[in-house]
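As structure tokens, the structure follows; a few thoughts come after it.
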Amino acid sequence: MSIATNLAMVTARIAEAAKASGRKPEQVRLVAVSKTHGAEAVKAALAAGQILFGENYVQEAHDKIAEVGPGPSWHFIGHLQSNKAKLAAELFDVIQSVDRLKLAKALDRKAGELGRKLGVLLQVNVGGEAQKSGCAPQDAAALAQEVAKLKHLELSGLMTMPPFFGDPERARPIFAQLRELAQKLGHDLPDGAMRHLSMGMSGDYEAAIAEGATLVRVGTAIFGERDYS
Ligand SMILES: *Cc1c(COP(=O)(O)O)cnc(C)c1O
């Protein structure tokens, strides 16, 4: 299947899932996750009308973004080391994976130097897995309060990656917990600071939309299997 065909299928399924949960299709945005796939794959998706892309590795993204050129909007969705924060702040419009204050401050400093505002989401480790990034749910309120104070960052919601269950129905309670957490945090934050929920990947984006996702991060279903060799 071509990238354009896959994109059309995913977009149609997103629209269906949005309608089924009583929302408009345009209330759910697709982040096409292009990690490990080359600039050509991104260009094919771009030609098919996809403008929002997600990347996990700063160096890989650096080269790819230069090769693709202007046009797309890029979100960083991987684990971000503080020493890569500067470059990430230059390359990306939104960092979805902020999970500690030190990282937020490094991003804020760099965004200030660049004279721009950088979008951020807080990544929350709802499933509590030791190997996953993300702050603990009980630490999210304090982190959100501090991040909301940083002048060069614009906090706009939460992101999560559930444990791998194989069955999307088992991920649903995790998605629901992220939504409930965002609602709770939203009471004590500026308007719009919790407007986005980034959740759902190739295997479970419809379940995530049913639980309120506004951003779904889909890679394999668009670009095919990843080759890490
Ligand atoms: C790779 C990745 C995705 C996309 O996963 P697929 O299963 O290929 O759709 C989404 N979110 C994050 C954080 C990822 O690392």
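The values are calculated or read from the model by the stated rules, or taken from the named source; none is laboratory data. Predicted, not measured: the structure shown is a model, and the values here were computed from it. Neighbour counts run over all protein chains shown; Cβ positions are idealised from the backbone, glycine included. Each accessible area value is taken on the protein alone, full model and side chains, heavy atoms only, with ligands, DNA and RNA left out. Shrake-Rupley method; radii C 1.70, N 1.55, O 1.52, S 1.80 Å.
Checking the conditions here, which among ALA32, ALA106 is assigned to a helix (DSSP H, G or I), in contact (Cβ under 8 Å) with a residue 12 or more places away in the chain and buried (at least 16 other Cβ atoms within 10 Å of the Cβ)?
Going through ALA32, ALA106 in turn, just one is assigned to a helix (DSSP H, G or I), in contact (Cβ under 8 Å) with a residue 12 or more places away in the chain and buried (at least 16 other Cβ atoms within 10 Å of the Cβ): ALA106.
Of the residues THR11, THR36, only one is at positive phi and among the β-branched types (Val, Ile, Thr); which? If you could, list the steps in order and put the result at the bottom.
Details: THR11 fails: at positive phi.
On inspection, the qualifying residue turns out to be THR36.
Working carefully through the options GLY71, GLY128, GLY78, GLY112, find the one that is within 16 Å of the ligand (Cβ to nearest atom) and not in a strand (DSSP E or B).
After applying the criteria, what remains is GLY78.
In region 119-142, is there at least one residue being open to solvent by 70 Å² or more (accessible area, probe 1.4 Å) and either touching a Leu at 6+ places or on another chain (Cβ under 9 Å) or under 22 Å from THR214 (Cβ atoms) (or both)?
no
Please give the helices (runs of 4 or more DSSP H) falling wholly within region 152-229 in which 2 or more residues are among the β-branched types (Val, Ile, Thr).
Ranges flagged: 220-223.
Where the second residue is open to solvent by 30 Å² or more (accessible area, probe 1.4 Å) and not in a helix (DSSP H, G or I) and the first is closer than 29 Å to GLY192 by Cβ and within 11 Å of the ligand (Cβ to nearest atom) and lies in region 202-228, which pairs have Cβ atoms under 6 Å and are six or more apart or on separate chains?
LEU215/ARG29; LEU215/HIS196; ARG217/MET201; VAL218/SER202
Can you tell me which residue among GLN145, GLN183 is surrounded by fewer than 18 Cβ atoms within 10 Å (Cβ to Cβ) and without any contact (Cβ under 8 Å) to a residue 24 or more places away in the chain?
GLN183
Would you be able to tell me the number of residues in region 58-76 that are under 24 Å from THR5 (Cβ atoms) and either of a type in the set (D, E, K, R) or within 17 Å of the chain's Cα centre (by Cα) (or both)?
6
Give the residues of region 186-201 that are in contact with a strand residue (DSSP E or B) (Cβ under 6 Å, 6 or more places away or on another chain), within 12 Å of the ligand (Cβ to nearest atom) and open to solvent by less than 30 Å² (accessible area, probe 1.4 Å), sorted by residue number.
Selection gives SER198, GLY200.
For region 186-201, which residues satisfy the criterion of being within 15 Å of LEU122 (Cα to Cα) and free of Cβ contacts under 8 Å to residues at least 12 places away in the same chain?
Passing the criteria: only GLY186.
Looking at GLU16, GLU40, GLU26, GLU55, which is the one that is open to solvent by 70 Å² or more (accessible area, probe 1.4 Å), at pLDDT 95 or above and under 17 Å from the mean Cα position of the chain (by Cα)?
GLU26
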